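Asker: Take this structure, written in structure tokens, and hold onto it; I'll ask about it next.
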Ligand code: SF4
Ligand SMILES: [Zn+2]
């Protein structure tokens, strides 16, 4: 067994940089972006980043708490945030209500607001929320029943590496995850899995290998869609691990490798997260073209010809 350290909630909290100021009556961001749908069509999806009380879990790599509040937001605040965003976004058929945590955490999204939230999103064909596998119960089904469209739940699987997953402090076993997927699928709620590319402790090659193993495991468990997220520093603890040689962000080339291999599985949709992909560019000359290729691969779910760099690029070929 590797001699990797484990960290307590208190240690992870102590490493945090300061929290950003947020307004409980405003989403901290909102946007639309195209996404390949299960039937292969590309359609715009609205994503609302709701401001709410921070997630009670303290995952080693998580920086989502930066845009959260310390107290539960007032009743009515979440519906007001949705109104604010939807009034400013073009119409779409699909919406993600992402809350930097777990939608069915009662202290994050007050259950008393569920009816008003459902009212706001009646016009959408798909409503996607994030949740922790251990918070998937009857409340999910009650919310599903309030919607005119289809509910989908996104859950962080992170990694199936047996030594890394417990060290991520997610307080979840693979059995918890598989049980939650089975429960949701049995109730017609499709699941998308978030998978980390190169979480702490892994080398670049191991990061690729375990991202693909995690994708395969997720599809075997019944997940419909896998989203691979390059592990990014920013929460304090990852910077500390980086200083100890226990964490390094993945390379863009690894993201390319994982998307190609993930699509080759042909088990379901596979996306790579390209938010701030610029930070993974190693060459100004080919970085934007590589990002664009990954974007088009996300949209088409096909493997496109690799980018050949014409410049002096370590990643060429
Ligand atoms: S459960 Fe999700 S939101 Fe909560 S700390 Fe872990 S990664 Fe962050
Ligand atoms: Zn280049």
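Every read-out reported here was derived from the displayed coordinates using simple, explicitly stated rules and does not represent laboratory data. All values reported here derive from a predicted model rather than from experimental measurement. Note that each Cβ is placed from the backbone with ideal geometry, even for glycine, and that neighbours are counted across all protein chains shown.
Asker: How much length is gained if the chain between residue 173 and residue 203 is pulled fully straight, taking 0.36 nm per residue apart and subtracting their Cα-Cα distance, in nm to one decimal?
Answerer: Taking residue 173 through residue 203 to full extension adds about 8.5 nm, to one decimal.
Asker: Let me ask something else. Taking only the alpha-carbon atoms of the chain, what semi-axes of the equivalent ellipsoid follow from 5 times the gyration tensor eigenvalues under a square root, in whole Å, largest first?
Answerer: 30, 24, 20
Asker: Further question on the same structure: For the stretch 166-261, taking Cα atoms only, what is the radius of gyration to one decimal and the Dmax to the nearest whole Å?
Answerer: Expressed in Å, the Cα Rg and Dmax of the stretch 166-261 come to 14.4, 45.
Asker: Per the Kirkwood definition applied to all pairs of different Cα atoms, how many angstroms is the hydrodynamic radius of the stretch 6-92?
Answerer: Evaluated over the stretch 6-92, this radius sits at 15.0 Å.
Asker: Still on this structure, please answer the following. Given C-alpha coordinates of the stretch 205-317, what is the ratio Rg to Rh with the Kirkwood estimate of Rh?
Answerer: On the Cα set of the stretch 205-317, Rg over Rh gives 0.98.
Asker: Continuing with this model, one more query. Using only Cα atoms, find the angle between the long axis of helix 287-300 and the longest principal axis of the chain, and express it within 0 to 90 degrees, rounded to the nearest 10.
Answerer: 50
Asker: In addition: Give the Rg (one decimal place) followed by the Dmax (whole number) of the stretch 95-138, computed from C-alpha coordinates and expressed in Å.
Answerer: For the stretch 95-138, the Cα radius of gyration and maximum Cα-Cα distance read 10.5, 29 Å.
Asker: Where in the stretch 165-184 does the label zone of residue 15 land, with the point 7 angstrom along Cα→C-beta and an amide N cut-off under 19 Å?
Answerer: 165-172
Asker: Going by alpha carbons, how many degrees (0 to 90, nearest 10) lie between the helix axis of 204-221 and the longest principal axis of the chain?
Answerer: 40
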